[in-house]
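Take a look at the structure set out below.
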Amino acid sequence: MKTKKTPVPDGKTQIEKKFYLVNAENKTLGRLASSIANILLGKHKSCWVPYMDTGDFVIVINAEKIKVTGKKLTDKLYYRHSGYLGGLKKETFLSLLQKSPETIIEHAVKGMLPHNRLGRQLLKKLKIYRGSEHPHIAQNPVVLEIN
């Protein structure tokens, strides 16, 4: 007696990609990032497999209005290195929020995706914008409410 196997998507032909619009205004950074990562990975779909890109595109607007809890506004630090000796730069959450709020959300989501080729491919499907305007109106994004 043969058992039925679970159907696995064969790549780009069977997987339908949708665009989701997320408003980041007054949303907590970590909760927002984990929800976005799940959509990018495709874990909300029944055809999800861990080794394939089954996820959807995510458009985030109002990135500058993101919230954090506790004293992270002044105490949370972001590090980067130039590659040279003594090239370690650090920046607080507040200064980075004023200068480049897109980087904060991208950094948070990147840490929740796989750290390999698939994760880099999934991160390209994340579009983050300051303000409420975005150029993806033609894709008819579905508004996604994240609590």
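Read the figures in this text as sums done on the coordinates, not as results from a lab. These numbers come from a predicted model, not from an experiment. Glycine also receives a Cβ, built like all others from the backbone with ideal geometry; neighbour counts cover every protein chain displayed.
Numbers below:
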quantity	calculated
Lysine pair number, Cα distance threshold 28 Å (strictly under), the stretch 20-92, separation 8 or more or different chains	23
Distance between the stretch 80-147 and the stretch 6-41 - C-alpha centres, whole angstrom	14 Å
The chain - charge dipole about Cα centre, Lys and Arg +1 at Cβ, Asp and Glu -1, debye rounded to 20	460 debye
Computed log₁₀ I(q)/I(0) - Debye formula, equal Cα scatterers, no solvent, the stretch 60-122, q 0.24 Å⁻¹	-1.09
The chain - mean residue ellipticity at 222 nm from DSSP helices (-39,500 (n - 2.57) per run, n ≥ 4, rounded to 500)	-7500 deg cm²/dmol
Contact order relative to length of the chain, as percent, for alpha carbon pairs under 8 angstrom and 6 or more apart	32 percent
Kirkwood-Stokes translational diffusion coefficient of the stretch 104-147, alpha-carbon pairs, 20 °C, 1.002 mPa s, µm²/s	173 µm²/s
Spatial extent of the stretch 1-103: Rg and Dmax, with the Cα atoms as the point set, Å	19.2, 67
Anisotropy class of the stretch 49-89 from Cα gyration tensor, a/c 1.5 cut	oblate
Loop trypsin sites (Lys or Arg not before Pro), the stretch 22-75 (other Cβ atoms within 10 Å of the site Cβ: 11 or fewer; DSSP)	K71
